[in-house]
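The values are calculated or read from the model by the stated rules, or taken from the named source; none is laboratory data. For clarity, every value in this text was computed on a predicted model and none was experimentally measured. Using ideal geometry, Cβ is built from the backbone for each residue, glycine included, and neighbour counts are taken over all protein chains shown. These accessible areas exclude ligands, DNA and RNA; they are computed on the full protein's heavy atoms, side chains included. Shrake-Rupley method; radii C 1.70, N 1.55, O 1.52, S 1.80 Å.
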Amino acid sequence: MTGAGEVPQAEVAPLLEFLEVMRRLQAQCPWKREQTHRSLARYLLEETYETLEAIDEGDLEHLREELGDLLLQVYFHAVLAEQEGAFTIDDVAREVTAKMVRRNPHVFGDAPMPPDAASVDALWQSIKVQDKPRRSPTDGLPPALPALLYAAKAVERGVAAPEEPRDLGERLLALVAEGVAEGVDPEQALRDAVRRHG
């Protein structure tokens, strides 16, 4: 059995092997040597959407493949950063591990266990606000998020929907707020509806 932060050795070997593969490709492949974080951005976005498609299809074999392609993007960016002397994949892993431990004190600390998932989410959000204080509900939300997801996150952070919507945008915001209040992900709900009727 392993403790917090420890990874079984059998799980480490493939990740280290993949890191070496990516380092070698970056050093020896002419196309990969020319890539930058910016030039790779489109592939990260594409692989993210292909992963979402696999999830929507419920195809776990396809999901495994697409998660591998996402992992490739993470390692590619990390190897580029390593060459630039900015950070390594180990730095990425250490930072996200520390974040998960810090934001889950009910598992890794002495905070009481929340009674349900909603309470866990509220605890997470309260710690996140301490980590990254916001000046407004939309502060820190990436503007490039899909519009429904952007709106849902803004509503979750306190943006109020208009009581009497005047245009299509305000009507959509009101519907997003309704979905959030009901615990429905508006982005996924619309995707599912399009798939049902497409």
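Among the trypsin sites (Lys or Arg not before Pro) in the range 110-184, which ones are in a DSSP loop with at most 16 other Cβ atoms within 10 Å of the Cβ? Mind listing them?
Of the trypsin sites (Lys or Arg not before Pro), the ones in loops of the range 110-184 whose Cβ has at most 16 other Cβ atoms within 10 Å are ARG134, ARG135, ARG157, ARG166.
Starting from the Cα-Cα distance between TRP124 and LEU44, subtract it from 0.36 nm times their residue separation and give me the gain in nm to one decimal.
Numbers: separation 80, 0.36 × 80 = 28.80 nm, distance 2.61 nm.
Going from the current span to full extension adds 26.2 nm.
Would you tell me the accessible area of ILE127, worked out with a 1.4 angstrom probe on the heavy atoms of the protein chains, in Å² to the nearest 10?
Roll a 1.4 Å probe over it and ILE127 shows about 20 Å².
Which of the helices in the chain, when you take each full DSSP H run, stretch at least 15 Å along the axis at their Cα atoms and have an average Kyte-Doolittle score of -1.0 or higher? Mind dumping the intermediate values first?
Values: long enough: 9-28 (28 Å, 0.10); 37-57 (30 Å, -0.70); 60-84 (36 Å, 0.03); 89-102 (20 Å, -0.11); 117-131 (21 Å, 0.11); 168-181 (20 Å, 1.19); 186-197 (16 Å, -1.43).
Length and hydropathy pass: 9-28, 37-57, 60-84, 89-102, 117-131, 168-181.
Leaving out ligands, DNA and RNA but keeping every protein chain, what accessible area does PHE87 have, in Å² rounded to the nearest 10, with a 1.4 Å probe?
80 Å²
Take ARG23, ARG38, ARG196 and sort them by solvent-accessible surface of the protein heavy atoms, 1.4 Å probe, largest at the top.
So, going from the largest accessible area down, we get ARG38, ARG196, ARG23.
Out of the total accessible area of the chain (probe 1.4 Å, heavy atoms of protein only), what percent is carbon and sulfur? Before the final figure, lay out each step's value.
Numbers: 7970 of 13840 Å².
Ligands and nucleic acids excluded, carbon and sulfur give 58 percent.
When we measure straight from the Cα of LYS99, which lysines land under 17 angstrom away, once same-chain ones fewer than 8 places off are left out?
LYS128, LYS132
Ignoring ligands and nucleic acids, what accessible area does ASP56 show with a 1.4 Å probe (Å², nearest 10)?
My reading of the accessible area for ASP56 is about 40 Å².
Per DSSP H run of n ≥ 4, the term is -39500 (n - 2.57); total these for the chain, divide by its residue number, and report the mean residue ellipticity at 222 nm rounded to 500 deg cm²/dmol. Display every interim value, and only then the final one.
Details: 10 runs with 139 residues, N = 198.
Estimated from H runs of four or more residues: -22500 deg cm²/dmol.
Using a probe radius of 1.4 Å on heavy atoms only, what accessible surface per residue do you get for the range 66-178? Whole Å² is fine. Working shown, then result.
Values: 7300 Å² over 113 residues.
For the range 66-178, the per-residue accessible area is 65 Å².
For the chain, what is the convex hull (Cα atoms) projected area averaged across all directions, in square nanometres?
Values: hull surface 62.4 nm².
For the Cα atoms of the chain, the hull's average projected area reads 15.6 nm².
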